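The values are calculated or read from the model by the stated rules, or taken from the named source; none is laboratory data. Given the structure is predicted, the values throughout are model-derived calculations rather than measurements. FYI the Cβ positions are ideal-geometry reconstructions off the backbone, even for glycines, and counts take in every protein chain you see. Heads up: the accessible areas ignore ligands, DNA and RNA and are worked out on the full protein's heavy atoms, side chains in. Shrake-Rupley method; radii C 1.70, N 1.55, O 1.52, S 1.80 Å.
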Amino acid sequence: MTAPTISLCMIVKNEEQFIEQCLKSVNDFVQEIIIVDTGSTDETINICEKYKASVYSFKWTNNFADARNFGLSKASGDWILWLDADEELEAGNEQMIIESISKTNAAMLLMPIINYYGETFPVKKQQAYLYYQPRLFRNHIGVKFYNQIHETPMLSNKNEVTESIESLKAPIHHYGYIEEITKQKNKSQRNLQTLLIEYEQPNHSPWIEYHLASEYYRKKEYNTAFLYINEAILGFLYQGLKPPALLYRLKYGMLIEMNSFDGAWPAIEKAILLYPDYVDLHFMKGLILYQKEQYSDALASFEKCLELGEGHTEYLILRGSGSFKATEYKHLCLKKINSTKKNN
């Protein structure tokens, strides 16, 4: 039986710094490279053509989903892999991916995205968040991208999505949140402009408030971010929906950044009741209790983190929250507890 074919679909603009690294990571693995260029003036197009990519110009409409869907319309492969230029597929997983798409009945495959953070390069492997996203999906079954920004691929019949998704442990490394890059590209301002336009639209999704909160959080404008994250939580509640775990992670992360430990405690317990298996919430609970000098309770939280680990595919997880960071704080708690015993 012939292996299914894969088309790489990307949208780009002035990506000469990263695009070659990205294309090299998939060049021997995909059968087709579709590049949608929204106005590059650097070497991006020349680099893409070097990898025999089909490059299409697309007039920017301030809508990422539009550009992605244009790329899908040009792809002929059995499966679509979508990446950004500042990402690369981890080497060594090609055969496993091919075997997976050959055997699966799923419409989409989630892949772990390792989002690095920090000020500059080289990246530190310990400074990263892990989040699974649908990055591989079948072509010609009606999958389209939705949302003007932070676009997401979904089946046209959205009710089918949960039954049609499996996960695949083939990591994608993402470097776009390194501060050096976000400042170079002025990403935050671009994102904010688009999000604020969507925010003014009636009946917009509460995800818009979440993404606004995220952008202001990255800019360290915590008070504004906090207002938007609370709006997002209320927006989901007004719709009769349980607010997604990401919202609570961001909210309590902000309160910790602002040293508002009394503001975070004991409210974080309600979030943990909603998401009892979310390791990051337990880790933040431990941090809050540690700062409040409740070391025995903090110790129990960090032990819970180690019990949960970091393998959950549904959550954004800080690397170390269920491993080395939790272990470090566990030892700090034990030191504090032993020191208190000695002094007594």
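Data table
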read-out: Relative contact order (%) - criterion: Cα under 8 Å, at least six apart; region: segment 157-270; value: 16 percent
read-out: Rounded, prolate or oblate (a/c below 1.5 giving rounded, otherwise prolate when a/b exceeds b/c) for segment 223-329 by Cα gyration tensor; value: oblate
read-out: Neighbourhood charge, 10 Å Cβ-Cβ cut-off, centred on residue 35 and excluding it, Lys, Arg +1 and Asp, Glu -1; value: -2
read-out: C-alpha center-to-center spacing [segment 13-71, segment 296-344] in angstrom; value: 43 Å
read-out: Listed residues 30, 92, 275: farthest to the positive end of the dipole of the chain (Cβ charges); value: 275
read-out: Percentage of interatomic Cα-Cα distances in segment 71-205 larger than 20 Å; value: 56 percent
read-out: Residue-level accessible surface for residue 16, protein heavy atoms, 1.4 Å, Å²; value: 90 Å²
read-out: Cα gyration tensor category, rounded, prolate or oblate, for segment 170-288 with a/c compared to 1.5; value: oblate
read-out: Considering only the chain, percent of DSSP beta bridges that pair antiparallel, nearest 5; value: 50 percent
read-out: Percentage relative contact order, the chain, counting C-alpha pairs under 8 Å, at least six apart; value: 13 percent
read-out: Positive-end extreme of charge dipole, the chain - chosen from 234, 153, 205 (charges on Cβ); value: 234
read-out: GNM flexibility winner over the chain from 66, 37, 262 (Cα, springs under 10 Å); value: 262
read-out: Cross-link partners of residue 13 among lysines (Cα-Cα below 17 Å; sequence separation of 8 or more within a chain); value: 50, 59, 183, 185, 187
read-out: Counting all C-alpha pairs of segment 145-240, share separated by more than 15 Å (%); value: 70 percent
read-out: Three-way shape call for segment 218-265 based on the alpha-carbon gyration tensor, with the a/c threshold at 1.5; value: prolate
read-out: Straight-distance crosslink candidates among lysines, where the alpha carbon sits under 19 Å from residue 103 and sequence neighbours closer than 8 are dropped; value: 169
read-out: Residue-normalised accessible area of segment 158-262, given per residue in Å² at a 1.4 Å probe; value: 53 Å²
read-out: Kirkwood-type radius of the chain, with distances r between different C-alpha atoms, in Å; value: 21.8 Å
read-out: Heavy-atom accessible surface of the chain: percent carbon and sulfur, 1.4 Å; value: 49 percent
